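*Asks:* First the structure, which I've put down as structure tokens, then a few questions once you've had a look.
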Amino acid sequence: MTEPVTVLGLGPMGHAIADAFVAAGHQTTVWNRSTTRPTPDGAVRADLTSAVAASKIVVVCLLDYDAVRAVLDPIAATLRGRLVVNVTSGSPDAARATAEWAAGHGIDYVDGAIMTPTNTIGTADAVLLLSGKVETDALSALGGTQTYLGTDPGRAAAYDVALLDIFWTSVVGVAHAFALARSEHITPSELAPLARGIATLMPIVIDEHGARLEEGRHGGDYSNLRSAAAGMAHIIHTARARGIDAGVMEAAHALTQGAIDAGHGDDGISRLTVALESA
């Protein structure tokens, strides 16, 4: 039998994590604040203190870091000498503060970010990022690719927020694009094939953007900020004319126009990262 593991939090991701530990043969103890969440098959449900006492490894998957501290603060003495692996999403600063709190209570601490959906947990498709002073393979049952990013406990959360920035900004863009299309009587099924084509450009944009930032090279070889601002203005005008909120694109246009006004109109989009850093 592999070593016992405790999972705190039985939301969709916490439940998937507990399922994966059970499937891998771990004695799995679980806890959730609300009793309405179902107990994963094969896991043992316990009160908070008993759940923590049952294992040397405690995996925490809650709503945010405030919830993590609210749950862990009262049981700090029970956690002493144990390894807490916190895969709750949050900011790098919150991760570092939680790691400092753990160190002050004699608790080993690893912070993590799960970058794939619940249905990937326990499969080869799972992607986990981990950081902290303790490098551990305690999450091997969760499968997939697990990358240790170093001793800075905020490192995994830093990657998490940066990658989710790409995801959620893109998702909101998709929602806005479909609204704009429908206002012009373009059906979702008509737009979707061409929208997928636009999406295939993103890997090229990401690679080129990263290379330009690494090299400090921002010239608008193929497209410049003036051209980008003009395209954004067309979107804003059309959205406003159809009564569709254009706030996200207005913010993007304001950032771009600011860079143009600062004398960088002939530069490419990578200049906007520099503009954001100096704002």
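*Asks:* About the Cα centre of segment 96-169, what is the dipole size in debye to 20, counting +1 per Lys and Arg Cβ and -1 per Asp and Glu Cβ, all else neutral?
*Replies:* 40
*Asks:* Once you place label points 7 Å from the Cα toward the Cβ at V134 and A46, how far apart are they in nm?
*Replies:* About 1.7 nm separates the two model spin labels.
*Asks:* Further question: For L10, what is the net charge nearby, where nearby means another residue's Cβ is under 11 Å from its Cβ and Lys, Arg count +1, Asp, Glu -1?
*Replies:* Once positives and negatives cancel, what remains is +2.
*Asks:* Still on this model: Output needed: percent of Cα pairs per 5 Å distance bin for segment 160-223, bins running from 0 to the one holding the longest distance.
*Replies:* 4, 13, 18, 20, 17, 15, 8, 4, 1
*Asks:* To continue, here is another question. Quick one: net charge of M115's neighbours, Cβ under 15 Å, K/R +1, D/E -1?
*Replies:* Cβ neighbours under 15 Å give a net charge of -3.
*Asks:* In whole Å, how far is the Cα centre of segment 46-70 from that of segment 135-179?
*Replies:* Computed from Cα coordinates, the inter-centre distance equals 22 Å.
*Asks:* Please report, in whole Å³, the volume per residue of the convex hull around the C-alpha atoms of segment 159-278.
*Replies:* Hull volume normalised by residue count: 116 Å³.
*Asks:* Still on this model: Count charges around A157 for me, please; just the other residues with Cβ under 11 Å from its Cβ, Lys/Arg as +1, Asp/Glu as -1.
*Replies:* In short, -2.
*Asks:* From the alpha carbon gyration tensor of segment 193-254, can you work out the equivalent ellipsoid semi-axes (sqrt of 5 times each eigenvalue) and give them in Å, largest to smallest?
*Replies:* 26, 16, 10
*Asks:* Considering the alpha-carbon set of segment 68-122 alone, what are its Rg and its Dmax in angstrom?
*Replies:* 12.2, 36
*Asks:* If you don't mind, there's one more thing I want to ask. Compare the Cα positions of L130, I204, G154 along the charge dipole of segment 101-204 (+1 at Cβ of Lys, Arg; -1 at Cβ of Asp, Glu; about the Cα centre) and return the one farthest towards the positive end.
*Replies:* Looking along the dipole axis, the top candidate is I204.
*Asks:* With a 10 Å radius around each residue's Cβ, average the other Cβ atoms per peptide and rank 126-137, 14-25, highest first.
*Replies:* Going from most to least packed, we get 14-25, 126-137.
*Asks:* Okay, moving on. Given labels modelled 7 Å from the Cα in the Cβ direction, how far is it in nm from A162 to V127?
*Replies:* Between A162 and V127, the label points sit 1.3 nm apart.
*Asks:* Expressed as a rounded percentage, what relative contact order does the chain have, with Cα pairs under 8 Å and six or more residues apart?
*Replies:* For the chain, the relative contact order is 11 percent.
*Asks:* Moving on. As an exercise, take the mean of 1/r over every pair of distinct alpha carbons in the chain, invert it, and state the Kirkwood radius in angstroms.
*Replies:* One decimal place: 21.5 Å for the Kirkwood radius.
*Asks:* Treating only the Cβ of Lys, Arg, Asp and Glu as charged (+1, +1, -1, -1), what charge dipole size does segment 171-231 show about its Cα centre? Round to the nearest 20 debye.
*Replies:* Here the size comes out at about 180 debye.
*Asks:* How large is the dipole of the chain about the Cα centre if only Lys and Arg carry +1 and Asp and Glu carry -1, each at its Cβ, rounded to the nearest 20 debye?
*Replies:* Computed charge dipole of the chain: roughly 580 debye.
*Asks:* Oh, and also: Suppose R0 equals 25 Å. What FRET efficiency, 1/(1 + (r/R0)^6) with r the Cβ-Cβ distance, do D93 and A251 give to the nearest 0.05?
*Replies:* After rounding to 0.05, the efficiency reads 0.60.
*Asks:* While we're on this one: Cα atoms only: what Rg and Dmax, in Å, come out for segment 2-150?
*Replies:* 13.7, 37
*Asks:* Next question, about the same structure. Of all DSSP beta bridges in the chain, what percent run antiparallel (nearest 5)?
*Replies:* DSSP beta bridges in the chain are roughly 20 percent antiparallel.
*Asks:* Could you pull out which residues in segment 247-270 have an amide N less than 17 Å from a spot 7 Å beyond the Cα of H234, following the Cα-Cβ vector?
*Replies:* Correct set: 249-250, 253.
*Asks:* At a Förster distance of 41 Å, what's the computed FRET efficiency of E277 paired with T36, Cβ-Cβ distance as r, to 0.05?
*Replies:* Between E277 and T36 the formula returns 0.35.
*Asks:* Then there's this: Just to check, using Stokes-Einstein with a Kirkwood Rh over alpha carbon pairs, what's the diffusion coefficient of segment 115-210 at 37 °C and 0.692 mPa s in µm²/s?
*Replies:* The calculation lands on 204 µm²/s.
Bear in mind that the values in this text are calculations on the coordinates, not laboratory data. In this text, all values refer to a predicted model and were calculated from it rather than measured experimentally. Cβ atoms come from the backbone with ideal geometry, glycine included; neighbour counts cover every protein chain shown.
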